[in-house]
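Enquirer: Can you keep this structure in mind? I'll have questions shortly.
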Amino acid sequence: MFNDIGPLELVTLIVLAVLVFGPDKLPKVIQDVMRTVRKIREFSESAKADIRSELGPEFKDFEFEDLNPKTFIRKQLDNDELGLKELRNGFDLKKEMAEVTDAVHSRDTDTAASGSSSSSPSGGGRVDMTKKPEEPGKDDRPPFDADAT
């Protein structure tokens, strides 16, 4: 619950509590807070037990944490029945992106050159897909539309 509180922040909170409540009332305040937290936990656990009993025996291993969408999706994707771990481990995103980048910039890679020369329908030639800016001549002006201004 308080995983992100550091030691300095904890000391600051203790000093602040001593200053606000005073050293005389602080133990009673801590007891009251702990009693309230205990009651909230008991209420939460009894509510979970009531919901599980109302759902029936087929939901006895139901976890309320699974209602969180992130937890549910993570649990479903980690399931070994789908075979997604092998697919995820066999896919190297950096390598794939490097191949796509090289293909866009018309660079030959070892895997792209061997694969594209045998499967290219145009006799092994590569198509240059890079954008080359068209440079207008010195006398060419861009079209002017008087109605647009």
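The values are calculated or read from the model by the stated rules, or taken from the named source; none is laboratory data. Everything quoted here is computed from the prediction, not taken from an experiment. Neighbour counts are summed over all protein chains in view; Cβ atoms, including those assigned to glycine, are modelled from backbone coordinates with ideal geometry. Heavy atoms of the whole protein, side chains included, go into the accessibility calculation; ligands, DNA and RNA do not. Shrake-Rupley method; radii C 1.70, N 1.55, O 1.52, S 1.80 Å.
Enquirer: So what does Phe21 come to for accessible area, using a 1.4 Å probe and Å² rounded to 10?
Expert: Ignoring ligands and nucleic acids, Phe21 comes out at about 100 Å².
Enquirer: Which length gain, in nm to one decimal place, applies between Val37 and Phe59 when the Cα-Cα distance is subtracted from 0.36 nm times their residue separation?
Expert: Full-extension gain reported as 5.1 nm.
Enquirer: Calculate, in nm to one decimal, what Met97 and Ile73 gain on full extension: separation in residues at 0.36 nm each, minus their alpha carbon distance.
Expert: Net length gain for the segment: 6.0 nm.
Enquirer: Too long at a 32 Å Cα-Cα cut-off: which of Lys70/Lys95; Lys75/Lys95; Lys25/Lys48?
Expert: Listed pairs above 32 Å: Lys25/Lys48.
Enquirer: Related question: Given R₀ = 41 Å, what would the calculated FRET efficiency be for Asp50 paired with Thr12, taking r from the Cβ atoms and rounding to 0.05?
Expert: Computed FRET efficiency for Asp50 and Thr12: 0.55.
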